[in-house]
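Enquirer: One structure is given below, represented as structure tokens, and several questions about it will come after.
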Ligand SMILES: NC(=O)NC(NC(N)=O)C(=O)[O-]
């Protein structure tokens, strides 16, 4: 069976975006914070701590009274949830047989008490789980979600909770309309690339600096005359003023040069090669360097980064201003769905 399309969407709960566990009723065996760890779970058999076998995940005690266990997760970026993964990797004799996930929308910085009293809408209802498995659930809930509540029936261990969805730009994050239009936390997304052999291009637009080469995008060595590329769909239409092409950590494998092109899908079809306009001409790059290039572009909705011929890059930042009227549109969309996660 092929992977569902929604798996390619960003994990809104990931710690990489600032997601975090804000409360749980029980984490005696293993901390619920592990649910949002970006790296895949690991396991070393027969490693015992003071409470029992050590697990990389959330694990509650064996229930001796009726009920269920829960953990509430603050998403790193608000969005519309398209699919969830309740990953029970390495939990074999102690996984929960079923899980539910609910979502809510609460803006600002709500307390656990406020979250507990929120209107929760179902994203997954009593979904059957397999042990030691990435259990996948499609969500048809169209509302904007800021927090999710994982409920396990009745108890047990879950290694990771992935909440894949489309980021909805939060206009309170850029009150003057100046933002990194490529950033995933603002709603930017990598929608195409030539090669992702060593590292995912989605990492180019993640927050912060890459800590290692492994946190960037890296292609294999090309043995033909072509070059590698990625296309980013911007958070919203905007005029670019500053590009950052960050080759940090890529010392023996930085691209020799790069260029940027853009297109405005409101005026031309991005599938039409001839519609793309130069934003930054082919420019030499240095290894292990945060290059900044000042730009002055017309409004664009998509940007293509070409690297010549291949190699790796840690981050791509595309700072600029939202096109005229777009900030008002984003504010209206944000306000319209306020307090209505289920709509
Ligand atoms: N061997 C175990 O994993 N036992 C228990 N869990 C831990 N973490 O020790 C349990 O009851 O699920």
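The values are calculated or read from the model by the stated rules, or taken from the named source; none is laboratory data. Keep in mind that what you see is a predicted model, and the values were worked out from it rather than measured. When we count neighbours, we look across all protein chains shown, and the Cβ atoms used for this are built from the backbone with ideal geometry, even at glycine.
Results for (1) out of contact with any helix residue (DSSP H, G or I) (no Cβ under 8 Å at 6 or more places or on another chain); (2) assigned to a strand (DSSP E or B); (3) free of Cβ contacts under 8 Å to residues at least 12 places away in the same chain, shown as yes or no for each residue.
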{"residue": "119", "(1), (2), (3)": "yes, no, no"}
{"residue": "123", "(1), (2), (3)": "yes, yes, no"}
{"residue": "148", "(1), (2), (3)": "yes, yes, no"}
{"residue": "151", "(1), (2), (3)": "yes, yes, no"}
{"residue": "155", "(1), (2), (3)": "yes, no, no"}
{"residue": "185", "(1), (2), (3)": "no, no, no"}
{"residue": "203", "(1), (2), (3)": "no, no, no"}
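So that you can scan it fast, the table gives a plain yes or no per residue for (1) buried (at least 19 other Cβ atoms within 10 Å of the Cβ); (2) farther than 24 Å from residue 172 by Cα:
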position	(1), (2)
102	yes, yes
113	no, no
118	yes, no
126	no, yes
139	yes, yes
143	no, no
147	yes, no
153	no, yes
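Enquirer: Going through segment 1-45 one residue at a time, which ones are over 27 Å from residue 210 (Cα atoms) and within 16 Å of the ligand (Cβ to nearest atom)?
Expert: Listed by number, the residues that qualify are 24, 26, 27, 28, 29, 30, 44, 45.
Residue-by-condition table, conditions (1) over 15 Å from residue 182 (Cα atoms); (2) under 27 Å from the mean Cα position of the chain (by Cα); (3) modelled with pLDDT under 95; (4) outside the structural domain of residue 188 (by TED's automatic domain parsing):
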{"site": "254", "(1), (2), (3), (4)": "yes, yes, no, no"}
{"site": "261", "(1), (2), (3), (4)": "no, yes, no, no"}
{"site": "268", "(1), (2), (3), (4)": "yes, no, no, no"}
{"site": "274", "(1), (2), (3), (4)": "yes, no, no, no"}
{"site": "281", "(1), (2), (3), (4)": "yes, no, no, no"}
{"site": "285", "(1), (2), (3), (4)": "yes, no, no, no"}
{"site": "289", "(1), (2), (3), (4)": "yes, yes, no, no"}
{"site": "299", "(1), (2), (3), (4)": "no, yes, no, no"}
{"site": "314", "(1), (2), (3), (4)": "no, yes, no, no"}
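Enquirer: So which residues in segment 46-100 are part of a strand (DSSP E or B), touching a residue at least 40 places away in the same chain (Cβ under 8 Å) and within 12 Å of the ligand (Cβ to nearest atom), if there are any at all?
Expert: Correct list: 58, 59.
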